[in-house]
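The values are calculated or read from the model by the stated rules, or taken from the named source; none is laboratory data. The structure presented is a predicted model; accordingly, all values stated were derived computationally and were not measured. Here the Cβ positions follow ideal geometry from the backbone for every residue, glycine too, while neighbour counts run over all protein chains shown. Only protein heavy atoms, including side chains, enter the accessible area calculation; ligands, DNA and RNA are left aside. Shrake-Rupley method; radii C 1.70, N 1.55, O 1.52, S 1.80 Å.
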Amino acid sequence: MASSPPTIFTTTSLFSLIGVTVVGVVAHTASKLLLPKNASAKDRFTFIWLAFDAMIHFSFEGSFLYLSVFGRQVNTSTGPFAEMWREYAAADFRWGNADPGIVSLEILTVLGAGPMCCYILKQLVNNDPARHYWIVVLSTAELYGGWMTFCPEWLTGSPNLVTSNWLYLWVYLVFMNLIWVGIPFWLMYDSYQHIAGAMRLNHGPAKVKGA
């Protein structure tokens, strides 16, 4: 007897959607309150993304980390966050059984990337151009984290990934991870332009040899 397809929108889905929406609203509101009125569209978008990024790291991913250390794992835990992560673990089994590789990356994400986001937010509020260096560091770390999350799976035939179900593949695995690829790439490119432009301006015109 064929198994019935999974329910696309569940109570857990609603809980997760509301949570992400609240985080986005808080990030947007914070940009209105903390950034100067004449802030550029790029800086405002960067602020909103970094605030969103930090809160996702601390709340959603922080809950996963709590549920996955000291002998705990999502699959045997209770509560709304455990339910949310169990739904994601249906697409990537590693998140349900406290895979050491995933937990190691999440330790760096929650305890490293989260605070770094907050530091860059402070620099944005103060209009400190040094933020571009830290944006490159943060974006590199997040891209590396994404690579090390999925590359081992690709090299071994993706034994933990469920790619036969469109919901799990395109929503959970692709969409929910691709935004942490596209936006960091854009931030790195934008910050590179600022850093390279400043360095070239400081260097001045190239001197002709023998002049």
Test each condition in (1) modelled with pLDDT of 90 or more; (2) open to solvent by 50 Å² or more (accessible area, probe 1.4 Å); (3) over 24 Å from TYR144 (Cβ atoms) for PHE185 and report the one that comes out false. (3)
Filter result (open to solvent by 70 Å² or more (accessible area, probe 1.4 Å) and of a type in the set (Gly, Ala, Ser)) within the stretch 121-167: SER164
Which residue is farthest from the chain's Cα centre (by Cα), if the candidates are limited to the stretch 145-165 and must be part of a helix (DSSP H, G or I) and more than 13 Å from GLY101 (Cα to Cα)? LEU155
VAL25 fails exactly one of (1) modelled with pLDDT of 95 or more; (2) part of a loop (DSSP other than H, G, I, E, B), namely (2)
Checking the structure you have, find out if any residue of the stretch 54-67 is among the hydrophobic types (A, V, I, L, M, F, W, C), assigned to a helix (DSSP H, G or I), open to solvent by 30 Å² or more (accessible area, probe 1.4 Å) and without any contact (Cβ under 8 Å) to a residue 12 or more places away in the chain. no
Among the residues of the stretch 32-47, which ones are among the small types (Gly, Ala, Ser) and buried (at least 16 other Cβ atoms within 10 Å of the Cβ)? ALA39
The condition of being within 25 Å of PHE185 (Cα to Cα), among the aliphatic types (A, V, I, L, M) and over 18 Å from the mean Cα position of the chain (by Cα) holds, among ALA51, ALA39, ALA90, ALA98, only for ALA39
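Rundown of residues vs (1) open to solvent by 80 Å² or more (accessible area, probe 1.4 Å); (2) closer than 25 Å to THR163 by Cβ; (3) in a loop (DSSP other than H, G, I, E, B), yes/no style:
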{"residue": "ALA30", "(1), (2), (3)": "no, no, no"}
{"residue": "THR78", "(1), (2), (3)": "yes, no, yes"}
{"residue": "ARG86", "(1), (2), (3)": "no, yes, no"}
{"residue": "ARG94", "(1), (2), (3)": "no, yes, no"}
{"residue": "GLY114", "(1), (2), (3)": "no, no, no"}
